[in-house]
Amino acid sequence: MPVYTRGLMTDARVGDILVQPDELAHRVRELAQEISRDYAGRDLLLIGVLKGAVFFLSDLMRHLEVDCEVDFMAVSSYGSSTDSSGIVRILKDLDAPIEGRHVLIVEDIVDSGLTLSYLFRMLTGRNPATLEVCALLTKPERREVDLPIRYVGFEIPNRFAIGYGLDHAERFRNLPYVAVLAGENP
Ligand code: PRP
């Protein structure tokens, strides 16, 4: 079984690495350049979906070259810990209205797409000027609903991913790369 070593510590809970830290940093910069070009001259409002997106969002935002603000939503799926049900409860809503704003939803991962599909419909109802999505990771094999994801970092295989914001039972978000949880099926 592949193991991750950091200094003298070995963590057998971490399996294959899917995206290395330097690949993450490079792609985040590329996405930020693309977004900066697309939104030149417009005020941008980033909406981060807690908690996983915080890590990606903060790195992305530091590379943006347009005026931008950030707000957060927290949602909870009624599904099991590893599966979305598509029924989404809002735990924390945005601080301010988005009517007339150029809004970019930032997600760490789109899996079935059910969470994002719900959010997209709900935020569309608040009449933003534009509404787009930026997802660091997608799992195309798991997609259940078709979604317009304007910016995608990486497509990953259908395996349980942890790190760079992604958790298993709230752990591993702090790993500086995206890896597979050892011994887990998707
Ligand atoms: C993850 C991710 C998305 C959702 C994607 O959040 O951040 O919001 O699952 O799954 P879906 O496409 O199948 O709907 P999670 O519920 O794990 O919360 P977290 O960000 O707090 O870890």
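Quick notes on this one:
- Residue that is surrounded by 14 or more Cβ atoms within 10 Å (Cβ to Cβ) and touching a Gly at 6+ places or on another chain (Cβ under 8 Å), where the choices are 98, 149, 109, 162: 109
- A single member of 66, 49 is assigned to a loop (DSSP other than H, G, I, E, B) and either surrounded by fewer than 18 Cβ atoms within 10 Å (Cβ to Cβ) or at pLDDT 95 or above (or both), and it is 66.
- Leading residue by the ranking (nearest to residue 106 (Cα to Cα)) among those in the stretch 30-41 that are surrounded by 14 or more Cβ atoms within 10 Å (Cβ to Cβ) and out of contact with any Phe, Trp or Tyr (no Cβ under 7 Å at 6 or more places or on another chain): 32
- Figure legend. Inter-residue proximity from the stretch 153-180: first residues within 26 Å of residue 33 (Cα to Cα), second residues among the hydroxyl-bearing types (Ser, Thr, Tyr) and in a loop (DSSP other than H, G, I, E, B), beta-carbon distance below 6 Å, spacing 6+ or different chains. Indicated pairs: 163/177; 178/164.
- Filtering 132, 99, 107 for residues that are in a strand (DSSP E or B), charged (D, E, K, R), farther than 26 Å from residue 184 by Cα and modelled with pLDDT of 95 or more leaves a single hit, 132.
- Any hit, the stretch 114-122, residues being among the aromatic types (Phe, Trp, Tyr), touching a residue at least 24 places away in the same chain (Cβ under 8 Å) and within 16 Å of the ligand (Cβ to nearest atom): yes
- Condition check for residue 155: over 16 Å from residue 57 (Cα atoms) and touching a strand residue (DSSP E or B) at 6+ places or on another chain (Cβ under 7 Å): yes
- For the stretch 140-156, taking the residues that are at pLDDT 95 or above and assigned to a loop (DSSP other than H, G, I, E, B), the one that is farthest from residue 116 (Cα to Cα) is identified as 156.
- Test: residue 175 is touching a Phe, Trp or Tyr at 6+ places or on another chain (Cβ under 8 Å) and under 27 Å from residue 30 (Cα atoms): yes
- In the stretch 22-77, the qualifying residues are those that are under 13 Å from the mean Cα position of the chain (by Cα) and of a type in the set (D, E, K, R), and the one that is farthest from residue 173 (Cα to Cα) is 59.
- Filter pass, residue 146 being away from the ligand (no atom under 16 Å from the Cβ) and free of Cβ contacts under 8 Å to residues at least 60 places away in the same chain: no
- Count of the stretch 86-133 residues, restricted to those that are within 29 Å of residue 24 (Cβ to Cβ) and among the polar types (S, T, N, Q), is 4.
The values are calculated or read from the model by the stated rules, or taken from the named source; none is laboratory data. Source: prediction; values computed, not measured. For neighbour counting, all protein chains shown are included, and Cβ atoms are generated from backbone atoms with ideal geometry for every residue, glycine included.
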